[in-house]
Amino acid sequence: MSNAMSSLQTNDLDAFWMPFTANRSFKQAPRLFVEASGMYYTTADGRRVMDGTSGLWCVNAGHCRPEIVEAIRKQAGELDFAGTFQMGHPKAFECASRLVNIAPPGFDHVFFGNSGSEAVDSALKIALGYHRARGNGGKTRLIGRERGYHGSNVGGTAVGGIGANRKMFGPLLAGVDHLRHTHDHDRNAFSRGQPVHGADLADDLERLITLHDASTIAAVIVEPVACSVGVYVPPQGYLQRLAAICAKHDILLIFDEVITAFGRLGAPFAADYFGVTPDIITSAKGLTNGAVPMGAVFVRGEIYDAFMQGPESAIELFHGYTYSGHPLACAAAIATMDVLQAEGLLTRASELASYWEERVHSLVGLPHVLDIRNIGLIGAIEFEPIADAPGRRAHARFLEAFRRGILVRATGDVIALAPPLIISKDEIDHLIGTLGEVLQSVAD
């Protein structure tokens, strides 16, 4: 062990077990960023690469914003850490107050974690605890959706519906079931915005209620827009119908807005955009502009109040994390909200949406393009899969795009786009124009 450690150099790539990455392939030809500013990364060999994915769906205000950098630096010098178990610090309370002021009406309380994955697992536990606090302890079943992504912790993976994420780990949680996914290529291919067909797919929840009985179901969790699996936009009326079924049967509806919160669709939250009020909202990513890990769970007042029973000196929720409401994360979140609000970025995607839609759909007809989807400042180009090689076609185009100076995201046979909300129309032209050149040039 000591010999291995002594031979490990600071630039050795082997020590880091990378997440969601083909480690052996990557380390043979690594793609490394060393700097970032605004819309661009800089690679280790000095090339500028336009960020077409907001990092990993999180850098909504652009990279290395001075206001956010300075807030983190200042906070680190004043108070590096203070726990929030039976103690506190002002930034946590200030941050929570700022967030509920931009949340949809009725979401009066925030629970902090350190990631979207933690936000999801926290939301699931809060849903279970809520029903128990109200005397409905039999409501323990959790319902996710096929092709859904809710992070990589145990609870989120269990309610998630991506086979590759689940198959290695067994059932994870008992009592989990899944709705049908909403993707209908035959009827909705090349839809602009929300597809016309598919609201009736929400009725699949009634099937699960008949199977399990509503008295056993605690919550349904869905992404308003299923981004990670390839950008599946909800059909018109689907979310409204799903919310109505949940309300009818006393089932909590959780919106996983880890990606869509903080302006991605042109409204502060997807709940605002779609005009649907869930019971719980999870968030992360854009919460701190990606600068410091943080997650947040927004709950409606009646959920919080259900826990505030019994002696005032008693702990109401036996759940939390060492770094819940970390001072640096709170400082980053407050500064991020300052930037988003001052520059109108919470709604800017609505101003760019039509232009973005036209440019993304200009790729129709290019080789192997099977479908194009868009909503807000999100786009997806789906390719015909190569027989016996799923995902290879998108990955090849991802690599060529990087070589040509744009960062896109390959997920399955889909290229996903979600640039920072500061992007200009000229930069949209460059991003989509370069991607078009990539699609025409890669032969497979």
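Restricting the stretch 28-69 to residues that are part of a loop (DSSP other than H, G, I, E, B) and of a type in the set (A, V, I, L, M, F, W, C), the residue that is nearest to Arg359 (Cα to Cα) is Met39.
The set of residues in the stretch 77-115 being under 10 Å from Phe298 (Cα atoms) and either among the acidic types (Asp, Glu) or surrounded by fewer than 21 Cβ atoms within 10 Å (Cβ to Cβ) (or both) consists of Ala96, Val100, Pro104, Gly106, Asp108, His109. Number of residues in the stretch 380-390 that are more than 21 Å from the chain's Cα centre (by Cα) and either at negative phi or in contact (Cβ under 8 Å) with a residue 12 or more places away in the chain (or both) equals 7. Every test in (1) over 17 Å from the mean Cα position of the chain (by Cα); (2) part of a loop (DSSP other than H, G, I, E, B); (3) crowded, with 24+ Cβ neighbours inside 10 Å is passed by Tyr323 save one, and that test is (3).
Identify the residue in the stretch 252-302 that is assigned to a helix (DSSP H, G or I) and closer than 19 Å to Ala61 by Cα and, among all such residues, is farthest from the chain's Cα centre (by Cα). The extreme case among them is Thr288. Annotation: Arg409 fulfils all but one of (1) surrounded by fewer than 17 Cβ atoms within 10 Å (Cβ to Cβ); (2) over 15 Å from Glu437 (Cα atoms); (3) touching a Ser or Thr at 6+ places or on another chain (Cβ under 6 Å); the unmet one is (1). For the stretch 37-72, the candidate set comprises residues that are more than 22 Å from Gly436 (Cβ to Cβ) and in contact with a Ser or Thr (Cβ under 7 Å, 6 or more places away or on another chain); within that set, the residue that is surrounded by the fewest Cβ atoms within 10 Å (Cβ to Cβ) is Cys64.
When Ala202 is tested against the conditions (1) of a type in the set (A, V, I, L, M); (2) crowded, with 21+ Cβ neighbours inside 10 Å; (3) not in a helix (DSSP H, G or I), the lone failure is (3).
Condition check for Ala416 on (1) in contact with a strand residue (DSSP E or B) (Cβ under 7 Å, 6 or more places away or on another chain); (2) of a type outside the set (D, E, K, R); (3) in a helix (DSSP H, G or I): one failure, at (3). List every residue pair whose Cβ atoms sit under 8 Å apart, with the two residues 6 or more apart in sequence or on different chains, where the first one lies in the stretch 230-241 and is modelled with pLDDT of 95 or more and the second, anywhere, is crowded, with 24+ Cβ neighbours inside 10 Å and hydroxyl-bearing (Ser, Thr, Tyr). Here the result reads Tyr232/Thr182; Pro234/Thr182; Pro235/Thr182; Tyr238/Thr182, each pair linking the stretch 230-241 to a residue that is crowded, with 24+ Cβ neighbours inside 10 Å and hydroxyl-bearing (Ser, Thr, Tyr). Scanning the stretch 326-354 for residues that are in contact (Cβ under 8 Å) with a residue 40 or more places away in the chain, polar (S, T, N, Q) and either out of contact with any helix residue (DSSP H, G or I) (no Cβ under 7 Å at 6 or more places or on another chain) or assigned to a loop (DSSP other than H, G, I, E, B) (or both) yields Gln341, Thr347, Ser350.
Checking each residue in the stretch 215-243 for being in contact with a helix residue (DSSP H, G or I) (Cβ under 8 Å, 6 or more places away or on another chain) and on the phi > 0 side of the Ramachandran plot picks out only Gly237.
Please go through the stretch 209-246 and pick out each residue that is assigned to a strand (DSSP E or B) and in contact with a Leu (Cβ under 6 Å, 6 or more places away or on another chain).
Answer for the stretch 209-246, where residues must be assigned to a strand (DSSP E or B) and in contact with a Leu (Cβ under 6 Å, 6 or more places away or on another chain): Ala218, Ala219, Val220.
Residue-level check: of (1) assigned to a helix (DSSP H, G or I); (2) surrounded by fewer than 21 Cβ atoms within 10 Å (Cβ to Cβ), Glu118 misses just (2). The test for being more than 23 Å from the chain's Cα centre (by Cα), at pLDDT 95 or above and within 29 Å of Thr288 (Cα to Cα) does not hold for Asp338. Looking at the stretch 361-387, which of its residues are in a loop (DSSP other than H, G, I, E, B) and either touching a Leu at 6+ places or on another chain (Cβ under 8 Å) or not polar (S, T, N, Q) (or both)? Answer for the stretch 361-387, where residues must be in a loop (DSSP other than H, G, I, E, B) and either touching a Leu at 6+ places or on another chain (Cβ under 8 Å) or not polar (S, T, N, Q) (or both): Leu363, Val364, Gly365, Leu366, Pro367, His368, Gly376, Leu377, Glu384, Pro385, Ala387.
The values are calculated or read from the model by the stated rules, or taken from the named source; none is laboratory data. Keep in mind it's a predicted model, so treat the numbers as computed, not measured. With ideal geometry, Cβ positions are generated from the backbone for all residues, glycine too; neighbour counts draw on all protein chains shown.
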